[in-house]
Amino acid sequence: MTRIARTAATGGELDPAFLAWSSSFAIDRRLLPQDCQGSIAHVEGLRRAGLVSAEEADALVAALAAMPGAVEAGTVVLPDDEEDVHMAVESQLGRTLGAVAGKLHTGRSRNDQVATDLKLWAKQALESIERGIDRVLEAASRWCDAHGEIAMPAYTHRQVAIPVLSRLWIGGALQEPLRRDRRLLLVLADELAESPLGAGAIAGTTLPIDAAQTASALGFAHGPRNPIDAVGSRDHGLTLVFACARIGMHLARFSADVVELSSDGLVKLGGAIAGGSSMMPHKRNPDLFELVRGAAALRHGELTALLGLMQGLGSGYHRDLQHDKALLFSAVDGVVGCLEMIALGLGHFELVEDACREALIEGDAVATDLCEALVAGGMPFRDAYRRIGALVNATRTAGRRLATLDAADLEREGLPATLVEHLDPVRAAQRRSR
Ligand code: ARG
């Protein structure tokens, strides 16, 4: 037998076409650093248990520690005809160290190994998502410093609703949702606290390897609580993909706002992030925000696929789980990229103050403020609501807008002249944002 995971009982060699099709190496080679890190902790566990000698442990640790750098530098090329990165590493150790490589897998299975690698990777993924969110929040607060005091419409049903200052819009469309997402990631950190290493294939090992020590060497809080769960659960993966999907959805909704505001001429995009048309010379398209909006759909797909992958499985490890990695990698790469682009995009768009004011006037955005001014003067709300509705109707019928009325116009409609103080949408926005 030439393959690592083949014995007389396995039934001969794998069909090369099946091996090539079923191998995860092209995708999970990305886990090489985590795989070597996990294996080093495992070798130290074997050393403490007296299952490898000091010289053997030293040789294995040195080779494992050097491998990711050597592969990255191109001085070592891992065998690409193995089932996965775990076997490629063991096979590579066999090439360089000989028989001692055969001791590495003592008391371990690829089932606890891959689960450990993935959790180590997920910890880094979590940190890069947190960094990405922090960069967007920093960029958003810089945006507010530069453009946050502009009066603009808040929309309901995509119709002009009420005047607000632009910092309220960015806060509601971007900052608050992302702050919540950052807190959601705390749940993930908690789910990543358990090390699967030591769970073996499904029921641990009879050998005296201390899983708590390997766990702490890898930065986990504790070893596997239950080996069946430890090898079979991908709950942390689901939480991670859900977080990516929710962040992606938040970025997409913010992007939809920017696309719509730019299409209405309320937002001006910088050339650094705007797309051109290959035919129409006048175009400046919101490509960055459209791509981010569209990317959210990919995150939904990954979340649905991972849930679907898990739901038909019994407990413990099944080969189906091999498909988890492509989904997780794509979700995390996708959301980290979108966060980077939104942080960049925030430096390259501004509101067009005059167009915002024009939209507020055109949309009669002060109507609710007028209503509340009447209420403050003692009128019951429903009466005020109808009076202002009638005023809007009469004004529009005359081809005018509320903001163009004066005290005499108001008095002609039987309304107090003092309402004129509430006709300016910019002042209305400022009043609401105090
Ligand atoms: N490539 C496999 C995966 O990604 C590694 C675990 C294989 N385990 C097994 N019992 N065949 O899930």
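The values are calculated or read from the model by the stated rules, or taken from the named source; none is laboratory data. Since the structure is predicted, the reported quantities are computational estimates derived from the model, not experimental observations. As a convention, Cβ positions derive from the backbone with ideal geometry for all residues, glycine included, and neighbour counts pool all protein chains shown. In case anyone asks, the SASA skips ligands and DNA or RNA and just uses the protein heavy atoms, side chains included. Shrake-Rupley method; radii C 1.70, N 1.55, O 1.52, S 1.80 Å.
Taking first residues from the range 408-423 that are touching a residue at least 40 places away in the same chain (Cβ under 8 Å) and on the phi < 0 side of the Ramachandran plot and partners that are in a helix (DSSP H, G or I) and open to solvent by 20 Å² or more (accessible area, probe 1.4 Å), the Cβ contacts under 7 Å between residues at least 6 apart in sequence or on separate chains come to LEU415/ARG387; LEU419/ALA373; HIS422/ALA373; LEU423/ALA403. Of everything listed in (1) touching a residue at least 40 places away in the same chain (Cβ under 8 Å); (2) farther than 24 Å from LEU126 by Cα, the single unmet condition for GLY237 is (2). State whether the residues of the range 139-153 include one that is free of Cβ contacts under 8 Å to residues at least 60 places away in the same chain, under 27 Å from the mean Cα position of the chain (by Cα) and open to solvent by less than 50 Å² (accessible area, probe 1.4 Å). Yes, there is a match, as at least one residue in the range 139-153 is free of Cβ contacts under 8 Å to residues at least 60 places away in the same chain, under 27 Å from the mean Cα position of the chain (by Cα) and open to solvent by less than 50 Å² (accessible area, probe 1.4 Å). Each residue in the range 93-140 was checked for being out of contact with any Phe, Trp or Tyr (no Cβ under 9 Å at 6 or more places or on another chain), within 15 Å of the ligand (Cβ to nearest atom) and either among the small types (Gly, Ala, Ser) or more than 29 Å from VAL231 (Cα to Cα) (or both), and 1 of them qualify.
Identification of helices (runs of 4 or more DSSP H) wholly contained in the range 363-434 with 1 or more residues that are under 23 Å from ALA154 (Cα atoms), open to solvent by less than 60 Å² (accessible area, probe 1.4 Å) and not polar (S, T, N, Q) yields 367-376, 381-397, 425-432. Inclusion of LEU344 among residues that are buried (at least 21 other Cβ atoms within 10 Å of the Cβ), of a type outside the set (Asp, Glu) and either assigned to a helix (DSSP H, G or I) or within 16 Å of the ligand (Cβ to nearest atom) (or both) is not warranted.
In the set THR116, THR106, only one residue is hydroxyl-bearing (Ser, Thr, Tyr), closer than 19 Å to GLN37 by Cα and in a helix (DSSP H, G or I); that residue is THR116. Has the range 354-365 got any residue that is among the charged types (D, E, K, R), within 16 Å of the ligand (Cβ to nearest atom) and in contact with a helix residue (DSSP H, G or I) (Cβ under 9 Å, 6 or more places away or on another chain)? The answer is no, given that none of the residues of the range 354-365 is among the charged types (D, E, K, R), within 16 Å of the ligand (Cβ to nearest atom) and in contact with a helix residue (DSSP H, G or I) (Cβ under 9 Å, 6 or more places away or on another chain). If you take the residues of the range 57-91 that are in a helix (DSSP H, G or I), within 16 Å of the ligand (Cβ to nearest atom) and not acidic (Asp, Glu), which of them is farthest from the chain's Cα centre (by Cα)? The residue in question is SER91. Every test in (1) free of Cβ contacts under 8 Å to residues at least 24 places away in the same chain; (2) away from the ligand (no atom under 13 Å from the Cβ); (3) of a type in the set (D, E, K, R) is passed by ARG48 save one, and that test is (1). Restricting the range 1-19 to residues that are free of Cβ contacts under 8 Å to residues at least 12 places away in the same chain and either among the small types (Gly, Ala, Ser) or in contact with a helix residue (DSSP H, G or I) (Cβ under 6 Å, 6 or more places away or on another chain) (or both), which is least open to solvent (accessible area, probe 1.4 Å)? Going through the qualifying residues, I end up with GLY12.
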